[in-house]
Every structure is written in C-alpha cells, then in structure tokens.
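Rule-based calculations on the coordinates, nothing more; no lab input. Quick caveat: nothing in here was measured; it's all calculated off a predicted structure. Ideal geometry is used to build each Cβ from the backbone, glycine not excepted, and the neighbour counts take in all protein chains shown.
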Amino acid sequence: SIEIVTDKDRISQVFSNLIKNSIDFVPKEIGVITIGAKDKGDEVEFLVRDNGSGMSKENQKEIFKKFYQIDTSTSRKRSGSGLGLAICKGIVEGLGGKIWVESKENVQTTFFFTIPKK
C-alpha cells in the first residue's frame, strides 16, 4: 500500500473532476476508465485514463487554462464551464505536485498528477 499525508478533500475534488471528464468523453456502450497510483519515492503518481475521443497536441497545451473548452460550438453535447481542469491544476500545484495530460486522438487520454508523500 502507498501512504501520503495530504488534504483528502482536495485530492477527492481532483479525482472527482478528472473522472467526471472521463465519463463525459468515453463511448456510452464501451467506455473504460482506469484509475491508478504508483509509488515514485518521495511522491505518488496518480492517473485517470479513458478510451474516449482523445485530444490534439494543441488542446493538450491549453487544457488546464481557465474557461478553456475543446468543443466551443453552440451544438456541443457536453456541459461545463471550462473550470474543472484549471481547478485540478490549482489544487495539485497548491499541494506541491504537478499535473499533465497525454492523449492520442480517437484512442485515449490519460491525466497524471503527482502529490508529495509528506
């Protein structure tokens, strides 16, 4: 098992936002969301991965900005303010960690974040 000393409410909010994003973007019938954690010495690396629509390299660079949304059309199917990932970034960095995304369009997206153990 892996133990960390941190703000459980803030970590819960990060997971909640990342998982909600995954739920919004996975295929309805065959959606897969994976959650994991890895011991990295002085920190723990968490991941939330989905087999959703993925995103371009350009979107990956912008995704943590406040109010940024990939689909800005008036016919978009997903609601949201564009604040969830910016909030995740603020929380993770406030706890001394880092957050980033790796994605392949039409294949999968993985959000990673690290939190110091103490």
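What is the log10 of I(q)/I(0) for region 16-66, computed with the Debye formula using one identical point scatterer on each Cα and no solvent, at q = 0.13, 0.18, 0.28 Å⁻¹? Taking Cα atoms of region 16-66 as identical point scatterers yields -0.40, -0.72, -1.08. Taking the square roots of five times each eigenvalue of the Cα gyration tensor of the chain, the equivalent ellipsoid has semi-axes of 25, 16, 12 Å, listed largest first.
Among ASP39, ASP9, ASP24, ASP50, which comes first, then next, by fewest other beta-carbon atoms within 10 Å? If you can, show how the numbers build up before the last one.
Numbers: ASP39 13, ASP9 8, ASP24 16, ASP50 24.
Least crowded to most crowded, the residues run ASP9, ASP39, ASP24, ASP50.
If we count every other residue with Cβ under 12 angstrom of GLY96's Cβ, Lys/Arg +1 and Asp/Glu -1, where does the sum land?
Values: positive: ARG10, LYS98, LYS117, LYS118; negative: ASP7, ASP42, GLU43, GLU93.
So the environment of GLY96 carries a net charge of 0.
When GluC sites (Glu not before Pro) are flagged only if DSSP places them in a loop and at most 14 other Cβ atoms lie within 10 Å, the longest unflagged stretch of the chain comes out as 30-104. In order along region 62-70, phi translates into HN-Hα couplings of 9, 4, 8, 7, 4, 6, 6, 9, 5 Hz, rounded to whole numbers, per the Karplus curve 6.51 cos²θ - 1.76 cosθ + 1.60 with θ = phi - 60° and x for Gly and Pro.
Which net charge results for the neighbourhood of SER22, defined as the other residues with beta-carbon distances under 9 angstrom from its beta-carbon, given Lys and Arg at +1 and Asp and Glu at -1?
Working: positive: LYS20, ARG49; negative: ASP24, ASP50.
With Lys, Arg at +1 and Asp, Glu at -1, the net is 0.
Based on DSSP H runs of at least 4 residues, each adding -39500 (n - 2.57), what is the mean residue ellipticity at 222 nm of the chain after dividing by all its residues, to the nearest 500 deg cm²/dmol? One gets -9000 deg cm²/dmol as the mean residue ellipticity at 222 nm.
Sequence-ordered 3J(HN,Hα) estimates for region 13-26 from the Karplus curve with 6.51, -1.76 and 1.60 and θ = phi - 60° stand at 5, 4, 4, 4, 5, 5, 5, 4, 4, 4, 4, 5, 10, 7 Hz, glycine and proline given as x. Spin-label model, LYS40/VAL107: points 7 Å from Cα along the beta carbon direction are separated by 2.1 nm.
What is the chain's relative contact order, in percent, from Cα pairs under 8 angstrom and six or more apart in sequence?
Numbers: 200 pairs, mean separation 38.6, N = 118.
It comes to 33 percent, rounded to a whole number.
In degrees between 0 and 90, to the nearest 10, how far off the longest principal axis of the chain does helix 84-94 point, with axes built from Cα atoms? Computed tilt is about 20 degrees. A Gaussian network model of the chain, with springs between Cα atoms under 10 Å, assigns the largest mean-square fluctuation among SER53, SER12, SER103 to SER12.
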